[in-house]
């Protein structure tokens, strides 16, 4: 090789090593950035998953709580009417009307029926509701509004 070429080859090799090192460092930064972003996303997904589970639990809890409050209001209505044996169709009608109430209306009616000031604290309402006895039809949660076919038809159910 010519003496001038050796210097040129050394310079090109040095430049190649510098570019290669720079490229490797760049790829390493990209990989680390990608991993960091993946970890951050995984953390966010975990937090959101926990929040979704919490909200689902709250919804299920609220739903169950609402069902209990609805049954208790129907029980109070039945007790107020002084009816010992309410027909299933009447019970289904009352339950449907109570189900149509908003949460605020439901709580307001319960507070009024229980002689509590409205708005009422949840704990106070819960304690008062524990004292409300439900008719067997309500606590069984088995009424549908359909005629009872477990026996022969009643006189009013007979055709003719």
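Before moving on, here are some points about what is shown:
- The set of residues in the stretch 97-118 being surrounded by 11 or more Cβ atoms within 10 Å (Cβ to Cβ) and either modelled with pLDDT under 85 or not in a helix (DSSP H, G or I) (or both) consists of 101, 114, 116, 118.
- Candidate set from the stretch 119-133 (those that are without any contact (Cβ under 8 Å) to a residue 12 or more places away in the chain and surrounded by fewer than 13 Cβ atoms within 10 Å (Cβ to Cβ)); member that is nearest to the chain's Cα centre (by Cα): 122
The values are calculated or read from the model by the stated rules, or taken from the named source; none is laboratory data. Just so we're clear, the structure is a prediction, and the values are computed from it rather than from any experiment. Cβ atoms come from the backbone with ideal geometry, glycine included; neighbour counts cover every protein chain shown.
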